[in-house]
Each structure stands twice: as structure tokens, then as C-alpha cells.
Amino acid sequence: MYDMMSSKAEEFISDEEIQSCLAYAQEHKSDRSLMEQILEKAKQMKGLSHREAAVLLDCEIDDLNEQIFQLAKEIKQEFYGNRIVMFAPLYLSNYCINGCEYCPYHAKNSHIARKKLTQEDIVREVTALQDMGHKRLALEAGEDPVNNPIEYILECIHTIYGIKHKNGAIRRVNVNIAATTIEEYRMLKEAGIGTYILFQETYHKKNYEKLHPTGPKHDYAYHTEAHDRAMDAGIDDVGLGVLFGLNNYRYDFTGILMHAEHLEAAKGVGPHTISVPRLRRADDIDPDVFDNGIDDDTFAKIVACIRIAVPYTGMIVSTRESQQCRERVLNLGITQISGASRTSVGGYAEEEPEEENSAQFDVSDNRSLDEVVRWLMQMEYVPSFCTACYRAGRTGDRFMSLLKSKQIVNCCHPNALLTLQEFLQDYASEETRHIGEALIKKELDVISNPAVRAKAEEYLEKICRGERDFRF
């Protein structure tokens with residue numbers, strides 16, 4: 001039985017409901033009248049149901065597909081403007097006791113180099129990340145109660161927040177670790193994490209259990225209900241994601257929207273972010289065994305339809321995707337990207353020797369952070385290193401109320417300009433600095449409140465004189 005208010009995974013993610021949605025969408029994929037009705041509703045920018053979004057995803061009418069892409073661009077601009085938040089992953093440990101068939105960290109992989117960062121290693125890695133200009137990290141670790149207990153994760157967070165190097169500081173630590181207990185989520189909350197991120201991989205229970213044959217991750221319900229426990233423990237912001245390519249993409253697209261609906265209905269706040277990774281080549285994993293891969297056109301359609309269905313959520317695309325692919329989907333709803341990422345345990349301070357490969361997957365976009373920032377600005381996006389809302393307590397429903405009232409332009413936009421100015425002063429190449437200073441001057445005019453604009457100009461001048469860390 002489908003019940004979005006239920007606390008049981010198989011009720012708020014109902015296989016029967018998803019199958020019904022997919023059949024309905026296929027039946028109406030050429031129904032112009034229905035598509036137009038859904039698009040009219042979507043233009044109100046208040047979101048769509050999972051069933052309505054599934055219909056748009058399957059739309060086969062060319063001119064209406066053009067309208068879908070155009071509307072996604074408009075919604076993204078209305079809620080988030082042209083800001084793109086920057087972050088980097090930091091892999092702490094690839095020790096893992098799970099048997100995930102698509103991940104090289106699986107327990108039976110005997111030839112991957114197993115590594116775990118010491119606190120001294122973390123200081124070196126984070127210092128290198130700070131020297132690039134990063135302010136926001138996403139911590140990654142395999143599931144291993146012996147090598148990666150919660151105490152280790154907490155110690156790493158404490159170490160990271162304590163590292164100050166020149167003008168560098170990590171101001172927000174997001175965490176992507178395995179599903180755990182309410183008690184341990186409380187510990188993460190007390191440690192000052194930003195967003196708790198957990199990918200579902202696939203919402204199809206039978207396939208999920210097949211892909212996770214051994215280890216604690218095999219428990220579909222415990223994993224799927226993890227975000228509920230995290231929010232019950234006081235973590236305001238949670239992130240969803242599926243690994244497109246593991247399962248039928250239409251199924252998982254519908255499932256992730258149902259999950260978002262559930263959190264909004266049952267917890268009062270939908271997901272802070274939705275990530276859309278695609279399966280990539282990795283050690284001991286042959287992507288050819290998964291025959292559900294999706295092409296770039298389908299991927300772009302998924303991004304656009306998620307943006308229309310969940311207009312308030314942040315959307316993340318990583319360096320799994322190429323520069324060309326990332327450039328395409330930035331317009332369609334993406335609000336956060338990683339830059340200069342390493343998916344190995346270590347590798348920021350010193351490049352990992354090939355024979356010691358510990359990477360989770362191959363990176364497609366290998367540019368430096370300076371190059372990525374310059375590329376974004378050349379397309380007239382504002383790269384943002386902002387963490388102000390998190391540190392000011394504007395999280396959960398408080399952040400969502402700010403976003404839904406469309407006040408971002410007087411808060412997040414000036415904060416983005418301030419953090420970009422810091423990057424230009426401390427880390428940018430001469431070419432990047434020149435482009436960035438012109439962009440900031442232009443973007444100040446976007447701030448509609450004269451008092452906010454004047455204060456932003458004052459802060460920007462102070463940053464140029466050597467002061468740091470101003471925020472609205």
C-alpha cells in the first residue's frame with residue numbers, strides 16, 4: 001500500500017505505485033492535452049507529483065520537450081539564480097564489509113589498495129584542498145565498524161574544522177556514510193555537519209537486494225529509512241541520490257521523487273539536495289554487465305524533470321560527468337558541482353601512484369579548480385564557496401522558507417560574490433581574477449535591495465584589503 005506519510009520504506013516507496021506510474025506514463029507519452037495541463041501546473045513553480053513528472057519524462061512530443069527544458073531553466077534561475085556552489089569530496093577510507101556489485105570497495109575485491117587516512121594525512125589533504133580554494137567538503141567512507149567506526153568519522157570532522165592554513169578554512173563538512181542509528185546521527189549533528197547524504201543506488205527492492213548480496217547494506221528498509229532517522233536525530237538537511245545505470249532509470253526517477261515527497265510530507269522539509277550520478281568504470285567492476293546505462297540526452301531530460309518536479313532542491317552533478325555533459329545540465333537545474341576531485345583515499349596532497357589505486361570510480365572532468373571556476377564565469381555563472389546559511393542556522397525549514405520566498409537574490413547571491421572575491425584574491429590565476437572581477441562588478445546590479453547592495457560593496461572592498469569571512 002502506498003502511503004507517503006508512512007515510516008516504512010515499502011509504503012512510502014511503493015513498487016505497485018511506481019509500476020502504475022510507469023504504465024500510465026507510457027500510455028500517455030503522446031497525449032498532448034495531458035502534457036499541456038501538467039506543464040501549465042509546472043509553470044506555477046510549486047512542483048509536480050511523481051506521477052506528473054513521470055509523464056513529462058516519457059513525453060515524445062518534440063515541441064513540448066523543448067518547453068520542458070525551457071521551463072527547467074526558468075525555474076532554476078528563479079530559485080537559485082546563476083550561482084553554482086563548489087565542493088570537493090574527501091575519501092577517508094575505502095575499507096568496507098559490504099558486497100556491492102557495482103563498487104570496487106566491495107569486500108571481495110582483493111587487489112584494490114585498501115587505505116585509511118590518519119589524522120596527520122587529513123591535515124595534509126585538507127591543507128592541499130584549502131590551497132586550491134575549497135571551503136566545503138563531502139566526506140566519503142566505506143562501511144566498516146572496525147576500520148571506520150563513528151568515532152573515527154567524528155575525529156576526522158573535528159580535525160578538518162580545526163585546520164587553518166593561510167586564509168584557508170573548511171567552513172562546511174557534509175557527510176556521506178552508511179545508514180546508521182539515531183544515536184550516531186545525533187553524534188554527527190553535534191559534530192557540526194552540514195548535510196547528511198546517502199544514495200539509495202536503486203529503489204527497486206528486488207534489484208537492490210541482488211546488487212547488495214552481503215553486508216549490512218543488504219537491508220533495504222534500514223537503508224531507505226535512514227534519512228528519516230537522521231532527521232529524527234536533529235539533522236536538518238539531508239541529500240538523496242540514485243546511481244543511474246544500475247536499474248531502469250524511469251523506475252528510480254519515480255522512486256526518488258516519491259522519497260522527496262515523503263520527506264516533505266512526513267518531516268516537513270524535503271531533501272536539501274538530489275544527486276544524479278551515473279555508473280562509471282571502476283576497478284574490478286565491468287559497467288557492461290549493467291545494461292541500463294542512459295545516454296546524455298536522457299540524462300539531461302532526467303535533470304530537467306527533477307528540477308521541475310522539486311523546484312526548491314539543490315541538484316548536484318560530480319566529476320563523474322565530462323565537461324561537455326556538465327555544461328549542458330548546468331542550465332537545466334544543477335546548482336552544485338565538484339571541482340578538481342580525487343576519488344581515491346588521499347591524492348590531493350600528493351598524486352597517488354598507479355600501482356596503489358584506491359579510487360572508487362574514474363573521474364571524467366580532470367580540470368583544476370581554477371580552470372573550473374574560470375569556465376563557469378566565462379558562461380556567466382557565479383561560482384560560490386558560500387557556507388553562510390549553515391553557519392547562521394538557516395538550515396532545514398528555515399532555509400527552505402528563504403528559498404521558496406525567492407529571497408535568495410538578497411542573501412545567497414551577495415554571499416556568493418563575497419566568497420568568489422576571496423577565491424580571486426587568494427587562489428586564482430591572473431586570467432581567472434581578471435574575468436572574476438568583471439563578473440562581480442556586473443552581478444552587484446542583480447542585488448535588488450539597495451542597502452544589501454551597498455553592504456556587499458563595503459564587504460568586497462574589505463576583502464580586497466585583506467579581511468575575510470563576511471556574510472549576510
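The values are calculated or read from the model by the stated rules, or taken from the named source; none is laboratory data. Note that the structure is predicted; figures quoted are calculated from it, not measured. Counting neighbours? That spans all protein chains shown, and the Cβs are built from the backbone with ideal geometry, glycine included.
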Name the helices (runs of 4 or more DSSP H) wholly within region 309-408 that hold at least 3 residues that are in contact (Cβ under 8 Å) with a residue 40 or more places away in the chain and in contact with a helix residue (DSSP H, G or I) (Cβ under 9 Å, 6 or more places away or on another chain)?
323-330, 369-378, 396-404
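Collect the residues in region 203-226 that are part of a helix (DSSP H, G or I), more than 18 Å from L139 (Cα to Cα) and small (G, A, S), keeping them in residue-number order.
A221 - this is the single residue of region 203-226 that is part of a helix (DSSP H, G or I), more than 18 Å from L139 (Cα to Cα) and small (G, A, S).
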Of the residues that make up region 212-220, is at least one closer than 23 Å to G99 by Cα and either of a type in the set (A, V, I, L, M, F, W, C) or modelled with pLDDT under 95 (or both)?
no
Just to be sure, is K29 under 28 Å from the mean Cα position of the chain (by Cα) and not assigned by TED's automatic domain parsing to the domain that holds E201?
no
Taking T224 as the residue in question, decide whether it is buried (at least 16 other Cβ atoms within 10 Å of the Cβ) and either without any contact (Cβ under 8 Å) to a residue 60 or more places away in the chain or not assigned by TED's automatic domain parsing to the domain that holds G314 (or both).
no
Would you check which residues across region 227-265 are among the charged types (D, E, K, R), in contact (Cβ under 8 Å) with a residue 12 or more places away in the chain and either surrounded by fewer than 24 Cβ atoms within 10 Å (Cβ to Cβ) or not in a helix (DSSP H, G or I) (or both) and list them?
D228, R229, D232, D236, D237, R250, E261
Picking from I75, I112, I97, the residue that is over 17 Å from L257 (Cβ atoms), of a type in the set (A, V, I, L, M), touching a Gly at 6+ places or on another chain (Cβ under 8 Å) and touching a residue at least 40 places away in the same chain (Cβ under 8 Å) would be I97
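Okay, residues lined up against (1) farther than 30 Å from T254 by Cα; (2) crowded, with 18+ Cβ neighbours inside 10 Å:
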| site | (1), (2) |
| --- | --- |
| C305 | no, yes |
| R326 | no, yes |
| G339 | no, yes |
| T343 | no, yes |
| S384 | yes, yes |
| T387 | yes, yes |
| A392 | yes, no |
| F399 | no, yes |
Hits in region 35-53 (condition: surrounded by fewer than 16 Cβ atoms within 10 Å (Cβ to Cβ) and either assigned to a helix (DSSP H, G or I) or among the β-branched types (V, I, T) (or both)):
E36, Q37, E40, K41
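Given the criteria within 17 Å of the chain's Cα centre (by Cα), at pLDDT 95 or above, surrounded by fewer than 24 Cβ atoms within 10 Å (Cβ to Cβ) and hydroxyl-bearing (S, T, Y), does T273 qualify?
yes
Conditions (1) out of contact with any strand residue (DSSP E or B) (no Cβ under 9 Å at 6 or more places or on another chain); (2) at pLDDT 95 or above, marked per residue:
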{"residue": "Y427", "(1), (2)": "no, yes"}
{"residue": "R433", "(1), (2)": "yes, yes"}
{"residue": "I440", "(1), (2)": "no, yes"}
{"residue": "S448", "(1), (2)": "yes, no"}
{"residue": "A454", "(1), (2)": "yes, yes"}
{"residue": "R465", "(1), (2)": "yes, yes"}
{"residue": "F472", "(1), (2)": "yes, no"}
Restricting attention to region 62-81, which residues are assigned to a loop (DSSP other than H, G, I, E, B) and surrounded by fewer than 19 Cβ atoms within 10 Å (Cβ to Cβ)?
none
Select from region 355-374 the residues that are among the acidic types (D, E) and farther than 20 Å from L117 by Cβ and write down the one among them that is modelled with the lowest pLDDT.
D362
Go through (1) outside any helix (DSSP H, G or I); (2) modelled with pLDDT of 95 or more; (3) touching a helix residue (DSSP H, G or I) at 6+ places or on another chain (Cβ under 8 Å) and name the single condition E17 misses.
(1)
Of all residues in region 5-21, which are under 28 Å from the mean Cα position of the chain (by Cα) and surrounded by fewer than 19 Cβ atoms within 10 Å (Cβ to Cβ)?
M5, S6, S7, K8, E10, E11, D15, Q19
Restricting the search to region 425-467, which residues are buried (at least 16 other Cβ atoms within 10 Å of the Cβ) and in a loop (DSSP other than H, G, I, E, B)?
Y427, A428, I447
